[in-house]
Amino acid sequence: MRKNKHVILIIALLTALQMLAVTGCYRKTPEQRAEHVVRHLVETLELDADQRAKLEKMKETFLAKRSDMMKMRHEAMNDLNEMMLSPQLDQARLDARTEKIQAQTSDLVRFISTEFTELHDMLTPEQRSKLVEMMNKYEQRAHSW
């Protein structure tokens, strides 16, 4: 049951990331892409001022988390590159890195779950239906490449 929850959250995250990619946000900064998505959601879902403020807060939280994620990714890649270039693989170091990556992934899944819950709670049933339609549309578009 717990693994199914994680799979659903990861799929939701990937769908959200696909939405960012498919909405024509190429060659823009992460902040510009996030602003574009917020603007699109506000217009399409017809969000009120309170909902928009909550969405803006979510955007800022995600952007703040993004820099931490990038640092963690860079650190992990450097560590793995060093291990690959070493003459002998240090299994203990690799195991420690694997555990750290798994812990970071679990933290990310919890973060996405919290944000997903917050988004669900702030939308009306009609807005949620519209959002699901948008996500399905973007998913189909992404698979047609």
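Okay, here's what the table says:
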{"quantity": "Cross-chain or 6+ apart pairs with Cβ under 7 Å, the stretch 72-88 first and within 14 Å of Gln102 (Cα to Cα), then hydrophobic (A, V, I, L, M, F, W, C) and part of a helix (DSSP H, G or I)", "calculated": "Ala76/Ile101"}
{"quantity": "Sole residue being farther than 12 Å from Met135 by Cα, touching a Leu at 6+ places or on another chain (Cβ under 6 Å) and either modelled with pLDDT under 70 or assigned to a helix (DSSP H, G or I) (or both), chosen from Val42, Val7, Val38", "calculated": "Val38"}
{"quantity": "Some residue of the stretch 87-97 being under 13 Å from the mean Cα position of the chain (by Cα) and more than 18 Å from Arg33 (Cα to Cα)", "calculated": "no"}
{"quantity": "Filtered residue count, the stretch 92-120, keeping only those that are within 23 Å of Glu56 (Cβ to Cβ) and among the hydroxyl-bearing types (Ser, Thr, Tyr)", "calculated": "3"}
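Conditions tested, residue by residue: (1) in contact with an Asp or Glu (Cβ under 9 Å, 6 or more places away or on another chain); (2) outside any loop (DSSP other than H, G, I, E, B); (3) exposed (fewer than 12 other Cβ atoms within 10 Å of the Cβ).
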| site | (1), (2), (3) |
| --- | --- |
| Leu47 | no, no, no |
| Glu56 | no, yes, no |
| Ala64 | no, yes, yes |
| Asn78 | no, yes, yes |
| Met83 | yes, yes, no |
| Ala92 | no, yes, yes |
| Ile101 | no, yes, no |
| Ile112 | no, yes, no |
| Glu115 | no, yes, no |
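Conditions (1) part of a helix (DSSP H, G or I); (2) hydrophobic (A, V, I, L, M, F, W, C); (3) over 27 Å from Asp48 (Cβ atoms); (4) modelled with pLDDT of 90 or more, marked per residue:
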residue: Arg73; (1), (2), (3), (4): yes, no, yes, no
residue: Val109; (1), (2), (3), (4): yes, yes, yes, no
residue: Glu126; (1), (2), (3), (4): yes, no, no, yes
residue: Met135; (1), (2), (3), (4): yes, yes, no, no
residue: Tyr138; (1), (2), (3), (4): yes, no, no, no
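The values are calculated or read from the model by the stated rules, or taken from the named source; none is laboratory data. Computed from a predicted model, the values in this text were never measured in an experiment. Here the Cβ is made from the backbone with ideal geometry for all residues, glycine too, and neighbour counts use every protein chain on show.
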